[in-house]
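First comes the structure, then the notes that go with it.
The values are calculated or read from the model by the stated rules, or taken from the named source; none is laboratory data. What you are looking at is a predicted structure, and each value in this text was computed from that prediction instead of being measured. Every residue, glycine among them, receives a Cβ derived from its backbone with ideal geometry; neighbour counts consider all protein chains shown. Quick note on the areas: whole protein, heavy atoms, side chains included, nothing else; ligands and nucleic acids left out. Shrake-Rupley method; radii C 1.70, N 1.55, O 1.52, S 1.80 Å.
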Amino acid sequence: MILPLTDLNDCCSLGAGPLTEDEAQRYAQIFKVLSDPARLRLLSQLTKKNCAPMTVSELTELSDLSQPTVSHHLKKLTEAGLVEKSKEGRTVTHSIRPELFAELRTVLQMD
């Protein structure tokens, strides 16, 4: 839900202050990864049930995407640092990295 802006003076700066060139590049890459609707859907599935790790098979069933497509998007999310991959025996799971999302919330927090 988007709340209406009642005072235009309230919407002028990022909560973390001006970004350096390196920070702007880094966040632009992360937001580029997040701009894909399929990746956002996969992330939303990963956040269900207290962010419990999920397998590619589980995510494939829940997302109505093909297994290769899910794997591709998980690779992009992992490379961006948004998701981490773990292997236990023959089972590979993917889970959210909450610390990066906390950082993104800080960057986007409005004063």
Worksheet item: Which condition number in (1) open to solvent by less than 70 Å² (accessible area, probe 1.4 Å); (2) farther than 18 Å from A102 by Cβ; (3) modelled with pLDDT of 95 or more is the one that P68 fails?
Response: (1)
Discussion item. Just the residues that are more than 16 Å from L77 (Cα to Cα) and in a helix (DSSP H, G or I), please, taken from region 34-53.
Written reply: K48, K49, N50
Worksheet item: Can you name every residue in region 54-104 that is among the hydrophobic types (A, V, I, L, M, F, W, C) and in a helix (DSSP H, G or I)?
Response: V56, L59, L62, V70, L74, L77, L100, F101, A102, L104
Practice prompt. Examine region 23-31 for a residue that is at pLDDT 85 or above, open to solvent by 50 Å² or more (accessible area, probe 1.4 Å) and of a type in the set (A, V, I, L, M), and state whether such a residue exists.
Written response: yes
Item to complete: Answer with yes or no whether R97 is basic (K, R) and touching a residue at least 12 places away in the same chain (Cβ under 8 Å).
Response: yes
Discussion item. Quick check on my filter: what residues within region 78-96 are open to solvent by less than 70 Å² (accessible area, probe 1.4 Å) and either within 14 Å of the chain's Cα centre (by Cα) or within 18 Å of Q29 (Cα to Cα) (or both)?
Written reply: T78, A80, G81, L82, V83, H94, S95, I96
Worksheet item: Taking interchain pairs and intrachain pairs at least six residues apart, which have beta carbon atoms under 8 angstrom, with the first residue in region 18-38 and closer than 30 Å to T69 by Cα and the second at pLDDT below 90 and not in a helix (DSSP H, G or I)?
Response: Y27/L19
Item to complete: Show the residue pairs that are 6+ apart or on different chains and have beta-carbon atoms under 7 Å apart, the first residue being within region 55-74 and under 19 Å from S86 (Cβ atoms), the second being surrounded by 14 or more Cβ atoms within 10 Å (Cβ to Cβ) and among the small types (G, A, S).
Response: V56/S71; V70/S63; H73/A38
Practice prompt. Kindly indicate whether T60 is of a type in the set (S, T, N, Q), modelled with pLDDT of 95 or more and open to solvent by less than 40 Å² (accessible area, probe 1.4 Å).
Written response: yes
